[in-house]
Amino acid sequence: MSNERQGWIEGNADHCGRTDPHPARPFRMVLLGAPGAGKGTQAELLTDRLRPCQLSTGDVFRAAKCANSDALSTAMKDAMAAMQAGRLVSDETVIDMVRERSHCVTCSYGFMLDGFPRTVSQAEALDEILADHDLKLDVVLNYDLPVETVVRRLSGRRTCRSCKTTFHVETKPPKKDGVCDKCGGELYQRDDDQAESIRVRLKAYEESTAPLAKYYDAKGLLLTIIAEGEPSEIFARTLTALEERFGPLPA
Ligand code: AMP
């Protein structure tokens, strides 16, 4: 894992230690999108292209889940319980966690936040952290996909029990039914990829996170990208939309 992501996850106050040249134009961006909209894949592609630090709050919670539970604060233990139940962690805990890492959010390489903010209160807290350092968000990329397409995408997903590679019954089927092409492991459907839990996750997204699109639209920061098609097509669409707004992107 790269240093900057390690620094973010561990939350130490040191500078991330990046020594590569600064991007010619550092971007400070937020990614929004329902589960299954392919945000994670676009985050990887955008990080390669624009080189901001990629910061995911979900990564911090997942790392804490693996830590010795005696070492966790009460707030973090409550956060783990919420995550386990598929609920959102409280705004207070998430905001404290991001504040502790404000050195990452204000870094001169720029950032790409994935999974934060998820509520309007979190978005307001982010604005405050940035304003304290005379910084502003550049853009909020909103990956938009019809609910039925999300359900089809996620409910067709099959994951290898051994190596975790993912397949899709329609769009990326394994050579042999139920068997991983890579390692021969058994393919299964994750509990949270069952159609019913997908609908529950989407409802939570609609209720808590979708209002954020309005919040950012009112500030003129929202850039909505149709998340239909192959990852490379969606990425090309993203770059075109960014160029329309910001002019040619640095090579
Ligand atoms: P993710 O990988 O972004 O889907 O996050 C995994 C889980 O971590 C979520 O289901 C929440 O329980 C928790 N989580 C991550 N980021 C946030 C956030 N910004 N606000 C509340 N809960 C969060």
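The values are calculated or read from the model by the stated rules, or taken from the named source; none is laboratory data. Predicted model, so just to flag it, every value in this text is computed and none were measured. Using ideal geometry, Cβ is built from the backbone for each residue, glycine included, and neighbour counts are taken over all protein chains shown. The accessibility values were calculated without ligands, DNA or RNA, using every heavy atom of the protein model including side chains. Shrake-Rupley method; radii C 1.70, N 1.55, O 1.52, S 1.80 Å.
Cβ-Cβ contacts under 6 Å between residues 6 or more apart (or on different chains), taken from a first residue in the stretch 202-222 that is open to solvent by 40 Å² or more (accessible area, probe 1.4 Å) to a second residue that is in a helix (DSSP H, G or I), are listed as PRO211/VAL120; TYR215/VAL120; TYR215/ALA123. Restricted to the stretch 49-106, and to residues there that are away from the ligand (no atom under 13 Å from the Cβ), of a type in the set (S, T, N, Q) and within 22 Å of SER121 (Cβ to Cβ), the residue that is surrounded by the fewest Cβ atoms within 10 Å (Cβ to Cβ) is THR74. Taking the stretch 127-198 as the region of interest, the strands (runs of 3 or more DSSP E) fully inside it that hold 1 or more residues being among the β-branched types (Val, Ile, Thr) and more than 27 Å from MET29 (Cα to Cα) are 157-160, 166-168. Go through the stretch 118-149 and give me each residue that's touching a strand residue (DSSP E or B) at 6+ places or on another chain (Cβ under 7 Å) and either within 16 Å of the ligand (Cβ to nearest atom) or among the hydroxyl-bearing types (Ser, Thr, Tyr) (or both). Matches in the stretch 118-149: LEU137, VAL140, LEU141, ASN142, TYR143. If you go through the stretch 211-232 one residue at a time, do you hit one that is touching a Lys or Arg at 6+ places or on another chain (Cβ under 6 Å) and among the hydroxyl-bearing types (Ser, Thr, Tyr)? Taking every residue of the stretch 211-232 in turn, none turns out to be touching a Lys or Arg at 6+ places or on another chain (Cβ under 6 Å) and among the hydroxyl-bearing types (Ser, Thr, Tyr).
Taking the criterion of being open to solvent by 50 Å² or more (accessible area, probe 1.4 Å) and either touching a helix residue (DSSP H, G or I) at 6+ places or on another chain (Cβ under 8 Å) or in a helix (DSSP H, G or I) (or both), the residues of the stretch 223-244 that qualify are THR224, ILE226, GLU228, PRO231, SER232, GLU233, ALA236, ARG237, THR240, GLU243, GLU244.
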